[in-house]
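One structure is given here, and the rest of the page talks about it.
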Amino acid sequence: MRIRDFVSLTKPDVNLLIGLTTADGYCLGASAQERTLAAAGLTHTVVGTVLVASGTATMNQLMERTFDALMHRTAHRPLTVGRIRSSSALAFGLALLAGGAVELAMAVNSISAAIALATVAVYLFI
């Protein structure tokens, strides 16, 4: 089990884009309301969103590991080759999801947390 394997579960390239678009949306929303940009609000929003997105990516790879083993592009992912146990990936993914939801609920607002968790449910189960 290597840290690099756990990081790969989070799909960092995708989450970089999610973090950037979240920051853009926050900045556009702040300017639309003619408020000054709150650095702490921006930071908490981006961190919470990226944590939730990382947990979602981890859970998605966990759910699709048998299919990933069949495709050349995804056959060498840590879960499919056994470098990470399913139980470890589950705990890691749930911790990221919970951490992100708590960050959003406590430091941003409960609506942001609810929307993030609804997005997780739609992405993973619908």
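Read-outs: derived from the displayed coordinates by stated rules, not from any lab. Treat the numbers as computed from the prediction; the structure is a model and nothing was measured. FYI the Cβ positions are ideal-geometry reconstructions off the backbone, even for glycines, and counts take in every protein chain you see.
Remarks
- Subset tally (residues that are under 30 Å from Asp68 (Cα atoms) and in contact with a helix residue (DSSP H, G or I) (Cβ under 7 Å, 6 or more places away or on another chain)) for segment 95-110: 5
- Hits in segment 49-106 - residues which are in a helix (DSSP H, G or I) and of a type in the set (Val, Ile, Thr): Thr49, Val50, Val52, Thr56, Thr58, Thr66, Thr80, Val81, Val102
- Hits in segment 36-61 - residues which are exposed (fewer than 14 other Cβ atoms within 10 Å of the Cβ) and farther than 17 Å from Ala107 by Cβ: Thr36
- Residue satisfying all of: in segment 23-56; β-branched (Val, Ile, Thr) and within 12 Å of the chain's Cα centre (by Cα); farthest from Leu96 (Cα to Cα) among these: Val46
- Some residue of segment 36-49 being of a type outside the set (Ser, Thr, Tyr), in contact with a Gly (Cβ under 6 Å, 6 or more places away or on another chain), in contact (Cβ under 8 Å) with a residue 12 or more places away in the chain and over 22 Å from Ile126 (Cα atoms): yes
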